[in-house]
Each structure stands twice: as C-alpha cells, then as structure tokens.
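I have placed the structure first, in the form of structure tokens, so that the comments after it can refer back to it.
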Amino acid sequence: MDCFLTHRGVKTLHLRMERHCANAMKVASFLAARKDVARVHFPGLPAHPGHEVAKRQMHGGFGGMVSFELVGTVLEGMAFCARTKLFAVARVARRRRGRSSSTRRR
C-alpha cells in the first residue's frame, strides 16, 4: 500500500511544488510590504542578497521556505506568535466495517 501511495503522490508532485513556490512568493511579498516586518528571508524577492544566485540555480521557483523578522520588542514578537493560528490538514483513515485501524487484519 505504501508503494501505491508514493507512486500516486509522485504523479502530482510537480503541480504541488509549483503551487508551493507560488504561495511562498505571495506570502513573502505580502510580508515585505508590511511596516511591522523588518526583514523577509526569501530568495525569490529581488531585495534578498542571494536573489541573483537563486535565479540562476533554482529553475521553476524559489522554494517554499519563508522566514521573517518583526519590528519591535521580544514581548511584541511573543504576542504576535500567541495570536497566530496554525492550520494542518490531515488525511483521516477510513474505518473498514466497524473495525478500527489498530484491529484490522492484514
């Protein structure tokens, strides 16, 4: 089953990575335009010190890793973190005929 799922995931990997990179660029651009953000670390932004190198080496996008530094004190940064909501989407395994996944026969 693991091989099947891996194979199925590989078929759409390029589409998911394109979207991943595009979303990271939108997030980085949004953050860079804010007054309460001191610095955005993302090679896709022209202001990034490694932008030219990344442009030559990273074909098809700049990746999905974005980090940033806020303007203000540590306490203000902690308040920002406390207000941040993190969303995670998880695939829920279907139960087969009333059996839980831990008692399912293989």
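Across region 66-77, in residue order, what do the Karplus-derived ³J(HN,Hα) couplings come to in whole Hz, using 6.51 cos²θ - 1.76 cosθ + 1.60 with θ = phi - 60° and x for Gly and Pro?
Per-residue couplings from phi come out as 10, 10, 8, 10, 8, 7, x, 8, 4, 4, 5, x Hz.
Could you name the lysines whose alpha carbon sits less than 25 Å from that of Lys55, not counting residues in the same chain fewer than 8 places away?
Counting by Cα, and skipping residues close in sequence, Lys55 has these lysines nearby: Lys26.
Skipping prolines and chain starts, which residues have an amide H placed within reach, meaning under 5 Å, of the one on Phe68, given they are 5 or more residues away or on another chain?
His41
State, in angstrom, two size descriptors of region 2-83 derived from its alpha carbons: Rg to one decimal place and Dmax to the nearest whole number.
In order Rg, Dmax, the Cα atoms of region 2-83 give 16.3, 49 Å.
Within straight cross-link reach of Lys35, meaning Cα distance under 15 Å, which aspartates and glutamates are found once same-chain residues fewer than 8 apart are removed?
Hits, sequence-local ones excluded: Glu69, Glu76.
Readers should treat all values here as calculations from the given coordinates under stated rules, not as data from a laboratory. Nothing here was measured: the structure is a model prediction, and the numbers come from that model.
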